[in-house]
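For reference, the structure is listed below as structure tokens.
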């Protein structure tokens, strides 16, 4: 059985510090990965519970790939109150090579 929890970690990408919050609470339908560049600027991607079994979102390389993807697709993390959200992120598992 997969453990459910809320975890945090810090990662540096492009000389910027990001704060990653992984929400695996079982009451939610999705696993939420929210990456903050400041208190109000964040990128969030949701993965289905089924999809989340196919990769390890706790690995720093997977968090880095997701951050780089968000930046390449328009997330302006340098400014306050800039957010980006992907409601159904399962396609990113294969597109970015996030699989286990």
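Per-structure values
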{"read-out": "Simple label model, 7 Å out from Cα along Cβ direction - residue 58 to residue 94, nm", "value": "2.7 nm"}
{"read-out": "Antiparallel DSSP beta bridges within the stretch 6-95, percent to nearest 5", "value": "85 percent"}
{"read-out": "Ranked list, fewest to most other Cβ atoms within 10 Å of each Cβ, for 38, 16, 52", "value": "16, 38, 52"}
{"read-out": "Peptide ranges 72-81, 42-51 listed from the most packed, as the mean C-beta count within 10 angstrom indicates", "value": "42-51, 72-81"}
{"read-out": "Value of Rg/Rh across the chain [Cα atoms, Kirkwood radius]", "value": "0.94"}
{"read-out": "Using alpha-carbon coordinates, inclination of helix 60-72 to the longest axis of the chain, degrees", "value": "50 degrees"}
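Every number in this text was worked out from the coordinates using simple rules, so none of it is lab data. What you are looking at is a predicted structure, and each value in this text was computed from that prediction instead of being measured. With ideal geometry, Cβ positions are generated from the backbone for all residues, glycine too; neighbour counts draw on all protein chains shown.
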